[in-house]
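Quick note: the coordinates plus some simple rules give every number you see, no bench work behind them. Model, not experiment: these values are computed from the prediction. Note that each Cβ is placed from the backbone with ideal geometry, even for glycine, and that neighbours are counted across all protein chains shown.
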Amino acid sequence: MNKETLARKLSSGDCLPLFQMADAVRLRYCGNGVHLRAIVEFSNYCSKNCLYCGLRRDNKKIKRYRMSPAEIFGAARQAAQAGIKTVVLQSGEEKAGLGELFPLIGRIKKELGCAVTLSLGEKTAAEYRALKDAGADRYLLKFETSDEKLFRACKPDSDYSARFDCIETLVSLGFQTGTGNIVGLPGQTVRSLAGDILRLKELAPDMISVTPFISNPDTPFAGTPCGDLEMTLRVLALSRIETPDAHMPATTAIRTLHKEGAGKALACGANVIMPNFTPILYRPHYSIYPGKESIIGDPSVSIRDILKMLEKMGRKVAPGYGHGRRHHTDSPL
Ligand code: SAM
Ligand code: SF4
């Protein structure tokens with residue numbers, strides 16, 4: 001589809017046929033299974049000042065924390081014991097602290113048999129290489145918006161081209177690479193969202209994350225409206241249709257925006273859920289936005305709820321590691 005067609009499908013027309021088509025594409029390319037990835041939000045320190053995010057360095061209202069390697073390994077072990085085969089380590093964009101991660105990545109892979117996804121923000125090529133050499137399988141770095149003017153307005157201390165260069169570097173280093181956008185950023189237009197979908201198609205990443213913007217009162221975007229659920233689902237569905245074989249999560253933000261958001265996302269293209277294994281003690285402080293769906297709750301309870309929901313939908317937990325579909329192996333790489 002070209003930009004005009006995408007913009008039209010985003011802004012008008014019955015969404016049901018679109019969602020049904022996306023669901024059929026997901027079934028054809030990814031099957032019926034839903035991959036579970038355990039997210040561990042191990043640090044909320046951040047050197048960046050993205051206007052939409054509660055972890056931005058100028059937000060003095062949050063209590064900063066960094067989990068110790070033993071705590072991170074403990075959370076990963078809990079995920080492995082629950083049968084989850086991927087651990088996602090996420091943090092703010094820290095200037096230092098990578099050193100502690102290198103042995104940890106190896107231990108999670110060797111001792112727990114889990115694949116490791118990282119989401120640590122922009123790093124140098126040498127740092128990305130060191131993380132890959134340490135054994136990391138995947139990396140998630142969203143471009144957030146493909147609209148350069150909007151990007152500069154929302155991420156004043158990031159460089160638009162540098163962000164895309166990082167994505168390219170990750171791909172060239174052999175990471176299974178994830179990227180994506182935020183839907184509903186203040187000032188974002190339907191054409192700019194259509195541009196995001198085209199950019200995703202061009203990048204053809206292994207994973208795509210489409211999240212609604214959720215307004216945070218402790219950021220410069222306080223008081224702006226949140227992203228719209230239906231628009232987010234339209235972007236998700238069109239991204240699935242245009243980039244059929246990518247893994248796509250029903251994100252925490254969609255689940256936060258609507259209590260049935262996970263089911264809705266899974267019915268229009270998503271095939272991944274990321275239960276939260278961050279220790280309860282730290283979760284309130286990883287406050288990207290308020291009301292985060294997974295702020296409370298024992299992971300075993302949320303997994304039980306996920307299983308119930310999947311059963312109702314006639315879906316099941318996918319076996320194996322859920323590597324990118326172009327990486328033809330089912331062992332930790
Ligand atoms: N610091 C790393 C980075 O920016 O790539 C990883 C952590 S960051 C908290 C993870 C994601 O949170 C970002 O890629 C962004 O899409 C999302 N995010 C941040 N603030 C948000 C908000 N207010 N609403 C929705 N998503 C948000
Ligand atoms: Fe930091 Fe990432 Fe939040 Fe930006 S989105 S402020 S880089 S944690």
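Observations
- In this Cβ point-charge picture (+1 for Lys and Arg, -1 for Asp and Glu), the chain has a dipole of about 400 debye about its Cα centre.
- Shape of region 105-201, Cα gyration tensor, a/c cut at 1.5: prolate
- Difference of contour (0.36 nm per residue) and Cα-Cα distance, ASN2 to LYS63: 17.4 nm
- Rg/Rh ratio calculated on Cα atoms of the chain (Kirkwood radius): 0.93
- Shape call, region 1-65: gyration tensor on alpha carbons, a/c limit 1.5: oblate
- Dipole orientation for region 216-319: of the candidates PRO249, ILE306, GLY223, ILE306 has the Cα lying most toward the positive pole (charges on Cβ; Lys, Arg +1; Asp, Glu -1).
- Put in order of Cβ neighbour count within 10 Å, fewest first, the listed residues VAL235, VAL88 become VAL88, VAL235.
- Neighbour-limited loop hits for trypsin sites (Lys or Arg not before Pro), region 47-141 (at most 16 other Cβ within 10 Å; DSSP other than H, G, I, E, B): ARG57, LYS60, LYS61, LYS63, ARG64, LYS95
- Sparse packing (at most 11 other Cβ atoms within 10 Å of the Cβ) combined with a DSSP loop state is found for the following trypsin sites (Lys or Arg not before Pro) in region 226-310: LYS259.
- Cβ charges +1 (Lys, Arg) and -1 (Asp, Glu), total dipole of region 83-237, debye: 340 debye
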